[in-house]
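Here's the structure we're looking at; comments come further down.
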Amino acid sequence: MKDFEIQNHKDTRSGFGAGLSELGKTNENVVALCADLTGSLKMDAFRDENPDRFFQVGIAEANMIGMAAGLTIGGKIPFTGTFANFSTGRVYDQIRQSVAYSNKNVKICASHAGLTLGEDGATHQILEDIGLMKMLPNMTVISPCDYNETKAATIAIAEYDGPVYLRFGRPKVPNFTDPNKKFEIGKADVLREGKDVTIIATGHLVWKAIEASEVLLANGINPEIINIHTIKPLDEKAVLESVNKTKCVVTAEENIMNGGLEDSIAQLLIRKMPTPLEMVAVDDSFGESGTGEELLSKYNINTANIVEAVERVISRK
């Protein structure tokens, strides 16, 4: 890509592990809990470096959330780790009652989110977790796009006082953001300025949006690309400023349409700036087994689908 340099390909879960390891060296109040998936969550380094601050709770996710909530009372900053499906769907009651309602300073860190979990199939590919988490009062929801941003986000949420849901994934993806850039919770990142359409993406779909922009530019369409890494609280100012310029929007996410990023953008536009909107997301469906790229294509959330959505929305201006 002309405007974006791929430094390497890394999985975002490794960015979480690197950030957590750094926190172990710099913040003595950070503790970590894992539900029998230490290797998958890349929490090994923190465990080995801080054995007295790491708790392996086993396959007992509800207990893990309760323990984390309790640890905050003593001034600790607990980071919980397991797959996104088990981090949210399996323990929603405990998160609602013990974390969100009580406004406890728990960081719920969830790997293997979305379709790109791949061959593990529908039972593990949670696609509704963004909606589940953003609907909870007091909960901040973050979905970083690459290794560097996930590492920076992990470090940043330790300084934030309140519940956080941090969503990341399994596959190796292009790592292209600035490794030295400070992560600002609630601050959108305009990756490319344009005038014809606003493409708002989150997580793994940010790179797909960048790929789509190259196709669009070749076709004479000048897109603006916004990385919404913080879905809640939403950077309304950045979105509205862009849409006021381009007059149409495409959202892209590795999540189900209902309750996801698109839902947040649509609500904002309906209230403050009614605008043509097209969505690239999973359409009311569970996933299935397959490679990550195969599933992104089958469920119409790939680069080509973003290009097609842009063409549709521009025709509606």
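The values are calculated or read from the model by the stated rules, or taken from the named source; none is laboratory data. Note that the structure is a prediction, hence the values are computed from the model and not measured. FYI the Cβ positions are ideal-geometry reconstructions off the backbone, even for glycines, and counts take in every protein chain you see.
Selection within the stretch 188-237: residues that are part of a loop (DSSP other than H, G, I, E, B), among the hydrophobic types (A, V, I, L, M, F, W, C) and touching a strand residue (DSSP E or B) at 6+ places or on another chain (Cβ under 9 Å). The member of this set that is farthest from Cys145 (Cα to Cα) is Ile221. Tell me, please, whether a residue that is in a helix (DSSP H, G or I), at pLDDT below 95 and surrounded by fewer than 24 Cβ atoms within 10 Å (Cβ to Cβ) can be found in the stretch 63-78. Scanning the stretch 63-78, I find no residue that is in a helix (DSSP H, G or I), at pLDDT below 95 and surrounded by fewer than 24 Cβ atoms within 10 Å (Cβ to Cβ), so the answer is no.
Among the residues of the stretch 248-275, the one identified as under 20 Å from Ser111 (Cα atoms) and part of a helix (DSSP H, G or I) is Leu261.
Among the criteria (1) of a type in the set (Lys, Arg); (2) within 27 Å of Tyr92 (Cβ to Cβ); (3) part of a helix (DSSP H, G or I), the one Lys42 does not fulfil is (3). Here Val249 clears all of (1) in contact with a Leu (Cβ under 7 Å, 6 or more places away or on another chain); (2) without any contact (Cβ under 8 Å) to a residue 24 or more places away in the chain; (3) not hydroxyl-bearing (Ser, Thr, Tyr) except the condition numbered (2). The set of residues from the stretch 37-54 being crowded, with 17+ Cβ neighbours inside 10 Å and in contact with a Gly (Cβ under 8 Å, 6 or more places away or on another chain) comprises Leu37, Thr38, Leu41, Lys42, Met43, Phe46, Asn50, Arg53.
Among the residues of the stretch 103-129, those identified as without any contact (Cβ under 8 Å) to a residue 60 or more places away in the chain and buried (at least 24 other Cβ atoms within 10 Å of the Cβ) are Val106, Lys107, Ile108, Ala110, Ile126.
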